[in-house]
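The values are calculated or read from the model by the stated rules, or taken from the named source; none is laboratory data. Treat the numbers as computed from the prediction; the structure is a model and nothing was measured. Glycine gets a Cβ as well: all are built from the backbone with ideal geometry, and neighbour counts include every protein chain shown.
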Amino acid sequence: MNDPDTPTGQPADLPGYDSARVQAWIAANLPGLRAPLRWSRLEGGHSNLTCLLADADGRRAVIRRPPEGELLPKAHDMGREWALISALGGSAVPVAPALGFCADSSVTGAHFYLMGHVAGQALYSAADAQAWLPEPLRPLLAESFIEVLAALHAIDPDSVGLGDLGKKDEYIARQLKTWYRSWNASVAGAGFDDPRAHALQRYFLAHVPPQGPARIVHGDYGLHNTLVGADGRIAAVLDWEISTLGDPLADLGYALNQWAQADDPPGVRGDPPTRLPGFPPRRVLAERYAERTGRDLSRLDFYTGFNRWKSAAIGHGVYARYREGKKSAEGVDLAAMKRSITWALALAEAAVERLERGPA
């Protein structure tokens, strides 16, 4: 989420917030923030309505609630995000300070929470990285990025009160079944099927490696969901709404897939930051993770391939909703979205081929 320099004005033009009622709730529950409050919309945040607040003394906080309208079950779970940042505060995983959670939807139409403001920049594109992160700091960011993930996966969820965050066993098998149902349910709406989606699901389901102890799985860990400090290190991890318990190597596989490198096939979505000079390749991050955790990464291609397949299934469902008119497709390049689905399946297939060949 990108911060404006100075929050200004009241949220009359910001959807989802009844400013008077929210500010009354803050006054009653968060004495550390003093009215009047100035509001500014923050970009990013996966469509959750996120604003930066500044109080009369210049103290800053961030308020976050789900988007308006009908939501999918379990989507945009502010209570889950609140539980995570509350539990992880003070750990080796940097998170924004948890300030307050409102479970009373009558205040502004949905649950919301406030967290402390953390200075930093999310990197969505090469332009973001070019503007924010000088080349000499890029190796340091890579090291910090993977060490934060290793630190997250070192935490016993029971020890921080998160043992009930989700089921602990058979994470990958459950994901394969869930997203395969999604693929099949979206075929008619998407207007296309792909035999690789079915063959890959069967392969991954038949070859799931044994899962070790369950750990906290962020589910969408990438530079787009972190704040990078001016020192080049991860200042905070954001967007915990789909986090659960599961196989940490699946989380690693996803994070590595997000770490594009210069010799990757041409992408179809944006210009990722990590293709710029100075960012080390995925191999270096994987080696660092193995050093920090002691985990066996000999079957890493399984986890990266599984995540490519899962990304294809998720994209297929989104593409179907666009084509069916359930989401506005204004400004959306549907042809590029379809290419991204087939591209992800091709990369999943390539990962399986490497697994079958074995070590060179």
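Pairs linking a residue in the stretch 88-114 that is over 23 Å from S47 (Cβ atoms) to a residue that is among the polar types (S, T, N, Q), with Cβ atoms under 9 Å and 6 or more positions apart or on different chains, are P94/T226. Is there any pair with a first residue in the stretch 221-241 that is small (G, A, S) and a second that is part of a strand (DSSP E or B) whose Cβ atoms are under 6 Å apart and which are 6 or more apart or on different chains, and what are they? Filtered contacts from the stretch 221-241: G229/A235; A235/L227; A236/L227. Please determine, by comparing only the residues of the stretch 91-131 that are touching a Leu at 6+ places or on another chain (Cβ under 7 Å) and of a type outside the set (A, V, I, L, M), which one is farthest from I26 (Cα to Cα). Only one residue fits best here, namely Q130.
Can you spot a residue in the stretch 289-306 that is at pLDDT 95 or above, under 23 Å from I172 (Cα atoms), touching a Gly at 6+ places or on another chain (Cβ under 6 Å) and not basic (K, R)? Yes - at least one qualifying residue is present in the stretch 289-306. Output the number of residues of the stretch 193-235 satisfying the condition of being touching a Ser or Thr at 6+ places or on another chain (Cβ under 8 Å) and buried (at least 24 other Cβ atoms within 10 Å of the Cβ). Residues that pass the stated criteria total 4. Selection within the stretch 33-44: residues that are surrounded by 13 or more Cβ atoms within 10 Å (Cβ to Cβ) and out of contact with any helix residue (DSSP H, G or I) (no Cβ under 7 Å at 6 or more places or on another chain). The member of this set that is farthest from D104 (Cα to Cα) is G44.
Would you confirm whether or not the stretch 92-106 contains a residue that is modelled with pLDDT under 95 and part of a helix (DSSP H, G or I)? Within the stretch 92-106, none of the residues are modelled with pLDDT under 95 and part of a helix (DSSP H, G or I). Filtered by the rule that a residue be without any contact (Cβ under 8 Å) to a residue 60 or more places away in the chain and over 17 Å from S340 (Cβ atoms), the stretch 304-325 gives a lone residue, G325. Residues in the stretch 246-284 that are over 15 Å from the mean Cα position of the chain (by Cα) and farther than 28 Å from A119 by Cα: G246, D247, L249, A262, D263, D264, P265, P266, G267, V268, R283. Residues of the stretch 236-249 that are more than 22 Å from P66 (Cβ to Cβ) and surrounded by fewer than 24 Cβ atoms within 10 Å (Cβ to Cβ): L245 alone. Name the one entry in A110, A151, A173, A119 that is hydrophobic (A, V, I, L, M, F, W, C), closer than 30 Å to L53 by Cβ and in a helix (DSSP H, G or I). Being hydrophobic (A, V, I, L, M, F, W, C), closer than 30 Å to L53 by Cβ and in a helix (DSSP H, G or I) holds for just one of A110, A151, A173, A119, which is A151. Of the residues L152, L162, the single one that is more than 24 Å from Q258 (Cα to Cα) and surrounded by 14 or more Cβ atoms within 10 Å (Cβ to Cβ) is L162. Listed by first and then second residue, the pairs with beta-carbon distance under 6 Å, at least 6 apart or on different chains, first residue in the stretch 123-150 and in the same structural domain as I216 (by TED's automatic domain parsing), second assigned to a helix (DSSP H, G or I) and basic (K, R), are I146/R288; A150/R292. Among residues of the stretch 35-57 being acidic (D, E) and modelled with pLDDT of 90 or more, the one that is farthest from P15 (Cα to Cα) is D57.
Of all residues in the stretch 348-360, how many are at pLDDT below 95 and assigned to a helix (DSSP H, G or I)? So the count comes out to 2.
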